C-alpha cells in the first residue's frame, strides 16, 4: 500500500520492514464530511494517513491453482466522503466461485475533499493537485507488484467504480501513464464534466484568504484535522454548491494535462474495453425536497455551467427543453404524481440527471467510439427499490447492492437510514449483473466467451458509431434496445 506523507503531499511507496504485515483491525477512513454518507458507518476514526485497501480472495485451494483476475473497486461519495469499509466483497467472491469464475476483489481508499482534490493558489506550485488520483495510481502500482501474493494476476486487472469513483476511472482512461496498470473498466455514472472551483470560498471559510505572513496554501496546510474539514462542510450552504459538486478534477499538467473534454475531443482515450452506465433517476437525491418554484433553476444551472447564463437562456432551458410538467420529470414514468412535493423537484431532477450523468455518459461513449474503440457497452439500471422514498425513483447508488451480490431478501445495503427489502427477482437481477461483470473480468466482454453463468442473462450488444445499443437492467425484463428508441420513450 502507499505511504502517505501528510500536508498535501504526494503518496510515496510503502517500505515493508518485516516479511509479514498484520492487518487485523480496520484502519482510519480518510478525513471527510460524515454527513454525506447518510448515517452509514464508514469505519473507525478519521485521519489524513488513510491510504489502505481491502483484499478479498478465494480459499487457498482455489488460488493455488491459477492466478485469478482482479476487480479493483473505487468508491463514490462526491469526492468528499466514503471508504472501503462500506464495501464487503464476500458475496461477490462467493458468487464468482459458484459460477467457476473466481476473482480477487480489491477496494481502495483515496484522499477526499481539499486533501485529495485541492486546486488553485499554491496547490499547483507544490505539486499538490489531483492527489486523490495520485493515490489511486499508486494503489494500482502496488497491485501490480504485490497482488500475486494473494493469488491475483497483475495483467488481468479490471477497475470498476460508481459515482465519484467513476470520475477517477474515466480520468485513468484519459491518462496514457496508467495504460499498463489495468486491462478494462466498468464505470457507473459520470465522467468529469467540469473543473473544481471550491478553493476561493474555502480560503474565505477557513480565514486563509489574507493569512498573516504565509501564503493561503501554507495557511490551509497548517490547519488542524478538525478545522479544515469544518471549513469544507460550511461550503455546502453556499448557493453555488447546493446541487453538490464542491470538488472535482483540475488540470494539473501531469495526470490531467488538459480539460477532460479536450482530451476526449482529441482522441486521448485508452483503447480498452469498458462498460459505462447510469441509473434511471440519478439526480432525485441531489435536489432539496424544500425546492419550490423557478428560483432554484438559476442556482442549478450555475452549479454545472461555468459561464453566466442570461435570463433568456435560462428561461429557454427550463421552459422549452425541460417544461415544468410532472409527467415529464424524474422520477420518470410516475405520471403527474408529485409525492406531496413541489412539481419543480421532478423538473430539476430531470435537468440535473441529464447534465451530470446521462449527457456525460453519452459524450464519453461517442468520443471513444468516434476514435476507433468499438469495445464499449452501456446500460441504464431501472429496477425499482422497495421501501425507499417514492420520490427518489431508481436513484443514485441504487445498483450497488446488485453489483456486490447483496440484493437478497436477507441482506442489502442500507442507504440514508432506509433498509431496502429485496425479493427473489432482485436476487436474479443481481446474478445477471455479476455475470456481466465477471465475464468482463475474464474475457473483456460482458457476454463472455464461455457460458458458466447461473443466470439467464440477455445478450448485451456493444455500443458503437453505427449501433448505439443500451441495455435496460430491470428484473424479469432485461433487454437491449437501440438508443434512438430509448430517446423516443424519454428514457435516456
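The values are calculated or read from the model by the stated rules, or taken from the named source; none is laboratory data. Since the model is a prediction, treat every value here as computed from it, not as a measurement. Virtual Cβ from ideal backbone geometry, glycine too; neighbours counted across all protein chains shown.
For the reader, a short list of remarks on this structure follows.
- Residue 477 in a loop (DSSP other than H, G, I, E, B), surrounded by fewer than 17 Cβ atoms within 10 Å (Cβ to Cβ), out of contact with any strand residue (DSSP E or B) (no Cβ under 7 Å at 6 or more places or on another chain) and modelled with pLDDT of 65 or more: yes
- Test: residue in the stretch 376-391 that is over 22 Å from residue 187 (Cβ atoms) and touching a helix residue (DSSP H, G or I) at 6+ places or on another chain (Cβ under 8 Å): yes
- Entry remark, the stretch 84-103: residues being more than 18 Å from residue 147 (Cβ to Cβ), in contact with a helix residue (DSSP H, G or I) (Cβ under 8 Å, 6 or more places away or on another chain) and part of a loop (DSSP other than H, G, I, E, B) number 1 in total.
- Some residue of the stretch 370-390 being in contact with a strand residue (DSSP E or B) (Cβ under 9 Å, 6 or more places away or on another chain), surrounded by 24 or more Cβ atoms within 10 Å (Cβ to Cβ) and in a helix (DSSP H, G or I): no
- Enumeration of residues in the stretch 452-471 that are modelled with pLDDT of 90 or more, in contact with a helix residue (DSSP H, G or I) (Cβ under 6 Å, 6 or more places away or on another chain) and part of a loop (DSSP other than H, G, I, E, B): 464
- Number of the exception - residue 106 against (1) outside any strand (DSSP E or B); (2) surrounded by 21 or more Cβ atoms within 10 Å (Cβ to Cβ); (3) under 21 Å from the mean Cα position of the chain (by Cα): (1)
- Entry remark, the stretch 313-355: residues being surrounded by fewer than 16 Cβ atoms within 10 Å (Cβ to Cβ) and assigned to a helix (DSSP H, G or I) number 8 in total.
- Every residue from the stretch 257-294 that is assigned to a loop (DSSP other than H, G, I, E, B), modelled with pLDDT under 90 and within 30 Å of residue 438 (Cα to Cα): none
- Unique residue being touching a helix residue (DSSP H, G or I) at 6+ places or on another chain (Cβ under 9 Å), surrounded by fewer than 24 Cβ atoms within 10 Å (Cβ to Cβ) and in a helix (DSSP H, G or I) when the list is 133, 141: 141
- From the list 435, 426, 445, the one residue that fits, being modelled with pLDDT of 95 or more and part of a helix (DSSP H, G or I), is 435.
- Selection status of residue 165, at pLDDT 90 or above and closer than 30 Å to residue 355 by Cα: yes
- Lone unmet requirement of (1) at pLDDT 85 or above; (2) surrounded by fewer than 23 Cβ atoms within 10 Å (Cβ to Cβ); (3) within 22 Å of residue 251 (Cβ to Cβ) for residue 204: (3)
- Of all the listed residues (286, 296, 364, 332), the sole one being touching a residue at least 60 places away in the same chain (Cβ under 8 Å) and closer than 22 Å to residue 235 by Cα is 286.
- Meets criteria (crowded, with 19+ Cβ neighbours inside 10 Å, on the phi < 0 side of the Ramachandran plot and at pLDDT below 85) for residue 297: yes
- Subset tally (residues that are at negative phi and under 28 Å from the mean Cα position of the chain (by Cα)) for the stretch 307-340: 12
- Per-region count, the stretch 147-169, residues surrounded by fewer than 23 Cβ atoms within 10 Å (Cβ to Cβ), in contact with a helix residue (DSSP H, G or I) (Cβ under 8 Å, 6 or more places away or on another chain) and not in a strand (DSSP E or B): 2
- Tally, over the stretch 300-327, of residues that are modelled with pLDDT of 90 or more and touching a helix residue (DSSP H, G or I) at 6+ places or on another chain (Cβ under 7 Å): 1
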